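So the structure is just underneath, and the comments pick up after that.
The values are calculated or read from the model by the stated rules, or taken from the named source; none is laboratory data. Remember, it's a predicted structure, so these values are computed and weren't measured experimentally. For neighbour counting, all protein chains shown are included, and Cβ atoms are generated from backbone atoms with ideal geometry for every residue, glycine included.
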Amino acid sequence: MNGQRKKIGIMTGGGDCPGLNAVIRAIVKTAINIYGYEVVGFLDGYMGLVNNRFRKLGTGDVSGLLDKGGTILGTTDSFDPFAMEMDVNGEKQEKDMSGRIADNLRMHDIDALITIGGINTITIAHRLSQKGINVVAVPKNIDNDIPGTDVTVGFISAVNTAAHALDKLHSTAESHHRVMILEVMGRRAGWVALESGIAGGADIILIPEIPYDIKAIARKILERKNKGKGFSIICVSEGCRPKDQAEADKESRNIHKTLHGAGSMIAAELDKIINLETRVTVLGYLQRGGEPSPSDRILSTRLGVEAVNMIAQGDYNKMAGIVNDQLTPIDLAEVAGRCKYVPIDGELVRIARNMGVSFGD
Ligand code: F6P
């Protein structure tokens, strides 16, 4: 470390989302304009840290980034430096290359690394901190499944996209007397489906935390039909499962692997038991792309500034979280390897049920 003039490394890991560039912009402007630090951006997540692929970042590099989707640093969402796949004499082997990260950070004379990422990125950051690397994490992903923070960068923008998609589906569902299924992302938690479903007025919301019974879904649809509503809107989380599969997964302690196709599976099952047409829309990567919402820009800026403040205070090996709208540093140990699931008796599920929403149970 060269005196008080610190040097910060930053990287973006995991799935991209709206708001990543706004975080980078806040970090660079705070580091340079407020603290006089230098900033080095590593490219494509942890891969860039292992292979020393980087670009120096100045305030000019982040000008105009606030409303730009994606990440100027690039990212990877399935690279683990502790188990890097190598081809050794034609044989695939996994090698721990985390030492290269420490070497490269030392070579750049970097005092602390800011990792902007989801659960996997933060879990690896925690392991790096145990090797003596100073780390501060910024919670990011559209899934909002990171414990220790009420909200993650990218989540609000994804909910906006999904809610507006549901708005659009209402008119065509009503015109054709159809059941419209929108499959949204969220990995193994149902936050995107729950919040966009409430915001978009879905009649049925299916989330991984509440395994569904296809007969209960059909009953809700027919109930609506008997009241003169010949159409229904179903918001399906990609990770949702029928009750019997959830039971089987629990028995086999199998982590629910398939994260695609839930919507089509439900449509096929409904076609067998109701005489309404069903149609499926998979929103997919539209939830990951595009510009951050104004709320996400504010959240990204708050967390980016806070991450640099934590480095200035030497408050390492923590995640900059938001709890009850207060900036709250959380030990990485309390976040790594965990997942924040929707509380099935929580307030949001309760208010949805009060609005007449069925969760397929
Ligand atoms: O974690 C963000 C996310 O978009 C999940 O919601 C989704 O299941 C996953 O990433 C998709 O991963 P990939 O970009 O590797 O297809």
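Out of all the residues in segment 254-261, is one or more loosely packed, with under 15 Cβ neighbours inside 10 Å, at pLDDT below 95 and away from the ligand (no atom under 16 Å from the Cβ)? Within segment 254-261, one or more residues are loosely packed, with under 15 Cβ neighbours inside 10 Å, at pLDDT below 95 and away from the ligand (no atom under 16 Å from the Cβ). For segment 24-45, the set of residues classified as within 16 Å of the ligand (Cβ to nearest atom) and in contact with a strand residue (DSSP E or B) (Cβ under 7 Å, 6 or more places away or on another chain) consists of GLY45 only. Regarding segment 109-125, can at least one residue be identified that is modelled with pLDDT of 95 or more, hydroxyl-bearing (Ser, Thr, Tyr) and within 12 Å of the ligand (Cβ to nearest atom)? Yes; the residues of segment 109-125 include at least one that is modelled with pLDDT of 95 or more, hydroxyl-bearing (Ser, Thr, Tyr) and within 12 Å of the ligand (Cβ to nearest atom).
The residues on offer are ARG106, ARG100, and the sole one that is surrounded by fewer than 20 Cβ atoms within 10 Å (Cβ to Cβ), within 25 Å of VAL308 (Cβ to Cβ), over 23 Å from the mean Cα position of the chain (by Cα) and of a type outside the set (A, V, I, L, M) is ARG106. Of all residues in segment 18-36, those satisfying the criterion of being part of a loop (DSSP other than H, G, I, E, B) and not small (Gly, Ala, Ser) are PRO18, TYR35.
Tally time: how many residues in segment 309-358 are on the phi < 0 side of the Ramachandran plot and either under 22 Å from the mean Cα position of the chain (by Cα) or modelled with pLDDT under 95 (or both)?
Residues in segment 309-358 being on the phi < 0 side of the Ramachandran plot and either under 22 Å from the mean Cα position of the chain (by Cα) or modelled with pLDDT under 95 (or both): 28 in total.
Of all residues in segment 150-198, those being of a type in the set (S, T, N, Q) and within 16 Å of the ligand (Cβ to nearest atom) number 5.
Here segment 23-77 is the region considered, the condition is being within 20 Å of the chain's Cα centre (by Cα) and among the acidic types (Asp, Glu), and the residue that is nearest to GLY99 (Cα to Cα) is ASP44. Tallying residues that are at pLDDT 95 or above and among the charged types (D, E, K, R) within segment 66-93 yields 3. Taken together, the criteria place SER171 among residues that are surrounded by fewer than 18 Cβ atoms within 10 Å (Cβ to Cβ) and outside the structural domain of ILE142 (by TED's automatic domain parsing). Residues of segment 226-248 that are surrounded by 16 or more Cβ atoms within 10 Å (Cβ to Cβ) and not in a loop (DSSP other than H, G, I, E, B): SER232, ILE233, ILE234, CYS235, VAL236, SER237, PRO242, GLN245, ALA246.
Only one entry of ILE205, ILE234, ILE198 meets the criterion of being within 30 Å of ILE330 (Cα to Cα) and among the hydrophobic types (A, V, I, L, M, F, W, C), and that entry is ILE198. If you go through segment 209-242 and keep only what is touching a His at 6+ places or on another chain (Cβ under 9 Å) and not hydrophobic (A, V, I, L, M, F, W, C), you end up with LYS225, GLY230, GLU238, GLY239, ARG241.
Checking GLY201 against (1) under 19 Å from the mean Cα position of the chain (by Cα); (2) at positive phi, which single condition isn't satisfied? With (1) under 19 Å from the mean Cα position of the chain (by Cα); (2) at positive phi applied to GLY201, the lone miss is (1).
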